[in-house]
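Derivation of every value follows stated rules applied to the coordinates shown; laboratory data play no part. All figures in this text were calculated on a predicted structure; none of them were measured in a lab. Ideal geometry is used to build each Cβ from the backbone, glycine not excepted, and the neighbour counts take in all protein chains shown.
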Amino acid sequence: PYTADQLDYDHVINELRQRWKQSKDKELKLRYGYQLVRFAHYTRHYEEAVAFFDEYVSSLAYKPAMYYHALSQAAGAERGLGNTEVAIWNFFHVFIHSRDLKTSALSSITFEENIDFNSFFDTAKTQNEINNIYLLLGYYSYSNPLNEVEKIVESSPDAIQAKVLVARAINQIERNLMPVYYWGNPDLESENNHKRYPLLSNEKINDFLNQAVDLVDRMTLSTSVTDKNFWYITSSYLNLLKKDFEKAQQMLDQVTPASQLYIQQKQNLAMYIDVCKQPRISPEVETDFYRKYPEVLKPHF
């Protein structure tokens, strides 16, 4: 097999140009344009790669999935030229609009140190772009991600970006409330701790948990939210972590699952609430669990 450097650069470029000009189908033109940008990028002809993107891709005014593959290559060429800000902005658009390149685009964005995501707001043109900037700010900064959630839901109460950041906040809470070595930590075995998960022993994380509960509960009451199932089930889980089992069950009862995913989540969470509120797990309680939650337990035993 040949590598890109072993091929005759001028011959390949001329061949791809001719095929682009001869093609009448826009999709086919886009694919030839992508190959032009890709080949120039891989052979480190960075200036030509950027020029090819403008001439043979962007000029088509056509943006299916292949467009963002080409944009990713152009962004790599911009980085090769030292145009870091342009490269990151292009990778950001790949991250927003592409599915199969989302992970690699995010890696390319975060590869650069000291990125000022706030500077992206000056260039953002759509609410979706703004929401994704907040997503990156909340996901990669050391600040509280719930602050960015508040900003997103103010304009976009159903935005997926807000839900991703709430999930990240919950992950932070879980890491603090559910230590791996439970019985090995003497601080967790004090007489003031009833040794029932979750372990609410950290005042700072308790404040964070309360902030999350307050935000999520407000979303369950918001008349602007179209799909409340996510917020109901999230509220239920957070209140479970607070050991407010009654409220956790009340929120769970509000979930009206329209998909198999929510049905399974609701079944699982109902059992978790029931388990956690038991003062003692006796053989009778175990038997009762098998009777009440067969769909949850049978696949695992």
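Quick notes on this one:
- Applying 1/(1 + (r/R0)^6) with R0 = 30 Å to the Cβ-Cβ distance of Arg19 and Val86 gives a FRET efficiency near 0.60.
- Mean-position separation - Cα centroids, the range 229-251 and the range 66-112, in angstrom: 39
- Dipole magnitude (debye, nearest 20) for the chain, charges at Cβ of Lys, Arg, Asp, Glu: 880
- Rounded tilt (10° steps) of 9-22 against the dominant C-alpha axis of the chain: 90
- Where only C-alpha atoms are counted, convex hull volume of the chain per residue in Å³: 213
- Three-way shape label, the range 92-174, alpha-carbon gyration tensor, a/c 1.5: rounded
- In this rough spin-label picture, where each label sits 7 Å from Cα along the Cβ direction, the Thr256-Val12 distance is 5.8 nm.
- Of Lys242/Lys277; Lys228/Lys266; Lys24/Lys125; Lys26/Lys125, those spanning more than 20 Å from alpha-carbon to alpha-carbon: Lys24/Lys125; Lys26/Lys125
- For the listed peptides 266-272, 144-150, 288-294, 72-78, a ranking on the average number of other beta carbons within 10 Å per residue, highest first, reads 72-78, 144-150, 266-272, 288-294.
- Principal-axis tilt of helix 102-111 within the chain, Cα atoms, nearest 10 degrees: 80
- Simple label model, 7 Å out from Cα along Cβ direction - Asn147 to Ser58, nm: 3.4
- The alpha-carbon of Lys292 sits under 15 angstrom from the alpha-carbons of these aspartates and glutamates, leaving out residues fewer than 8 places away in its chain: Asp274, Glu284.
- A simple spin-label model places pseudo-atoms 7 Å from Cα toward Cβ; at Arg99 and Thr226 they are separated by 1.8 nm.
- If R0 equals 35 Å, the separation of the Cβ atoms of Lys277 and Gln127 corresponds to a calculated FRET efficiency of about 0.25.
- Comparing mean-square fluctuations of Phe39, Phe111, Phe52 from a GNM of the chain with C-alpha springs under 10 Å, the top value falls on Phe111.
- Ellipticity estimate at 222 nm from DSSP helix runs (n ≥ 4, -39,500 (n - 2.57)) divided over the chain, nearest 500: -20500 deg cm²/dmol
- C-alpha long axis of helix 203-221 to longest principal axis of the chain, angle in °: 80
- Among Gln172, Gln278, Gln211, residue whose mean-square fluctuation peaks in a GNM of the chain (springs only between Cα atoms under 10 Å): Gln278
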